[in-house]
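Data first, discussion second: the structure below is written as structure tokens.
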């Protein structure tokens, strides 16, 4: 998000054709068209293609790739630039100034929309639908998120659907992920997000756009320059915990200032510029609770430098380095690491995974997890308000067991560790739906014994899945 907000344009640029379009609200839409006054007429296009930039300016190298991909190497395209406000100094059409110098561009129209309802303006929607590429300028992504309920959202989607493309920089990068950090409550620092992933400045918009091959993503910009790895980790953890993404995983995409990802029709992203990062969370956070610091183990991080690629259609399962957050404190060296070449399976930690099998509502019917490889991940659900899930394992003398359970917001569940007689050894009973639970116990008696991990419904129920990491 650019630190320099755009203000409404006072006048058109003298050498350009400019039109003020009457808007339904009190504000007006400013329209400035450069290049041909007539749109290209063609039956088919060769996209989609995308450009995602870490700062607001158009990056000529990736924009050229997008133009060439969409036109299939011949002919020309029309481009629409969407802005929530006008620049405070210099050219009023900086994006189109750059785009018009690219071979294969027939026209570029800058549309400055100052009110949410401007997204229903008929001329704006006509310009967008007639374009083959839509570029969201830098500025304030909250203004863009407010267009979700207008006709403009479907108009932008139609451009991609016909084989065109979309992109943006800074705020325009944010708006193009499937989960949008919308900054409608204000901007958040990494330190604030790690200290409380439910900080009042963190808010999301979903359902704006989900582009082919780019699902379950959340974008961030100005990435290294403004030290945003920590907050992107928090965004990823929130997306998983709150079910904003599917499959229990979320991919953060952080792009540095001056860098740009070009994503082709097959979902392959290629970086131009300093750096970009893909941050994968593929399991429930150990703790993501309002008012408490984040704990999340083993984020998988891919660092891209100029010319390197990441395949969003066939997302890699190796080549990452690992970083964790413990009690709100992130590991050192977040922006660099030695990529792993021998990688554990998805889910974190490299141990076994086990999904409960009902009935397991007593010690006598407990699911045995003795043979799992630890640390292990155990999942289940509180199917009724009286549900209890038992898991049996052995614990040797001198060994410590640690259990961290991520509880979905659909219900409040408590966590117990019981001995072979059913007595409670230790428990975790945090209050509130979605409150995570954790416990640690060290066995001091001689020999080995059976112990039981019990997850018990306290309030509410549902099919939403809890996830417990068991280490010993």
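Please verify whether residue 98 is in the same structural domain as residue 203 (by TED's automatic domain parsing) and either touching a residue at least 40 places away in the same chain (Cβ under 8 Å) or buried (at least 19 other Cβ atoms within 10 Å of the Cβ) (or both), treating the condition exactly as stated. In short, yes.
Restricting to region 198-223, count the residues that are touching a strand residue (DSSP E or B) at 6+ places or on another chain (Cβ under 9 Å) and over 28 Å from residue 313 (Cα atoms). Residues that pass the stated criteria total 1. Taking the criterion of being in contact with a helix residue (DSSP H, G or I) (Cβ under 7 Å, 6 or more places away or on another chain) and either without any contact (Cβ under 8 Å) to a residue 24 or more places away in the chain or closer than 16 Å to residue 233 by Cβ (or both), the residues of region 165-188 that qualify are 179, 181, 188. Screening region 64-95 for residues that are in contact with a helix residue (DSSP H, G or I) (Cβ under 9 Å, 6 or more places away or on another chain) and over 12 Å from residue 167 (Cβ atoms) and picking the one that is surrounded by the fewest Cβ atoms within 10 Å (Cβ to Cβ) gives 91.
In summary, residue 39 fulfils each of the numbered conditions (1) at pLDDT 90 or above; (2) part of a loop (DSSP other than H, G, I, E, B); (3) out of contact with any helix residue (DSSP H, G or I) (no Cβ under 6 Å at 6 or more places or on another chain) with the single exception of condition (3).
Here is a yes/no grid of residues against (1) buried (at least 22 other Cβ atoms within 10 Å of the Cβ); (2) under 27 Å from residue 431 (Cβ atoms):
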| residue | (1), (2) |
| --- | --- |
| 238 | yes, yes |
| 243 | no, yes |
| 256 | yes, no |
| 263 | yes, no |
| 275 | no, no |
| 287 | yes, yes |
| 299 | yes, no |
| 316 | no, no |
| 340 | no, no |
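Only one of the numbered conditions (1) closer than 16 Å to residue 315 by Cα; (2) surrounded by 21 or more Cβ atoms within 10 Å (Cβ to Cβ) is violated by residue 267, and that is (2). Checked across region 139-147, the condition of being in contact with a strand residue (DSSP E or B) (Cβ under 7 Å, 6 or more places away or on another chain), surrounded by 23 or more Cβ atoms within 10 Å (Cβ to Cβ) and either at pLDDT below 95 or not assigned by TED's automatic domain parsing to the domain that holds residue 115 (or both) holds for at least one residue. Within the set 325, 378, 403, the sole residue that is part of a strand (DSSP E or B), in contact (Cβ under 8 Å) with a residue 12 or more places away in the chain and assigned by TED's automatic domain parsing to the domain that holds residue 300 turns out to be 325. What about residue 157, is it buried (at least 24 other Cβ atoms within 10 Å of the Cβ) and in the same structural domain as residue 222 (by TED's automatic domain parsing)? Spelling it out, it is not the case that residue 157 is buried (at least 24 other Cβ atoms within 10 Å of the Cβ) and in the same structural domain as residue 222 (by TED's automatic domain parsing). Residue selection: residue 61 fails the criterion of being part of a helix (DSSP H, G or I) and crowded, with 20+ Cβ neighbours inside 10 Å.
Against the definition (farther than 13 Å from residue 472 by Cα and more than 32 Å from the chain's Cα centre (by Cα)), how does residue 438 come out, yes or no? Taking the combined requirement at face value, the residue does not satisfy it. Of the residues making up region 42-58, those that are part of a loop (DSSP other than H, G, I, E, B) and more than 26 Å from residue 123 (Cα to Cα) are 54, 55.
Conditions tested, residue by residue: (1) free of Cβ contacts under 8 Å to residues at least 40 places away in the same chain; (2) touching a helix residue (DSSP H, G or I) at 6+ places or on another chain (Cβ under 6 Å); (3) buried (at least 17 other Cβ atoms within 10 Å of the Cβ).
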{"site": "413", "(1), (2), (3)": "no, no, yes"}
{"site": "418", "(1), (2), (3)": "no, no, yes"}
{"site": "425", "(1), (2), (3)": "yes, no, no"}
{"site": "428", "(1), (2), (3)": "yes, no, yes"}
{"site": "434", "(1), (2), (3)": "no, no, yes"}
{"site": "438", "(1), (2), (3)": "no, no, yes"}
{"site": "444", "(1), (2), (3)": "no, no, no"}
{"site": "452", "(1), (2), (3)": "no, yes, yes"}
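For residue 408, the criteria (1) assigned to a loop (DSSP other than H, G, I, E, B); (2) in contact (Cβ under 8 Å) with a residue 40 or more places away in the chain; (3) crowded, with 20+ Cβ neighbours inside 10 Å; (4) over 33 Å from the mean Cα position of the chain (by Cα) hold in every case but one, which is (4).
Note on region 120-130: among residues that are in contact (Cβ under 8 Å) with a residue 40 or more places away in the chain and touching a helix residue (DSSP H, G or I) at 6+ places or on another chain (Cβ under 6 Å), the one that is nearest to residue 53 (Cα to Cα) is 128.
Before we move on, is residue 104 modelled with pLDDT under 95 and at positive phi? So residue 104 fails the test. Scoring residue 307 on the criteria (1) surrounded by fewer than 19 Cβ atoms within 10 Å (Cβ to Cβ); (2) part of a strand (DSSP E or B) leaves a single failure, condition (2). Flag: residue 218 does not match the condition of being surrounded by 22 or more Cβ atoms within 10 Å (Cβ to Cβ), under 24 Å from residue 96 (Cβ atoms) and in the same structural domain as residue 309 (by TED's automatic domain parsing).
The values are calculated or read from the model by the stated rules, or taken from the named source; none is laboratory data. All values reported here derive from a predicted model rather than from experimental measurement. In this analysis, Cβ positions are derived from the backbone assuming ideal geometry, glycine residues included, and neighbour counts consider all displayed protein chains.
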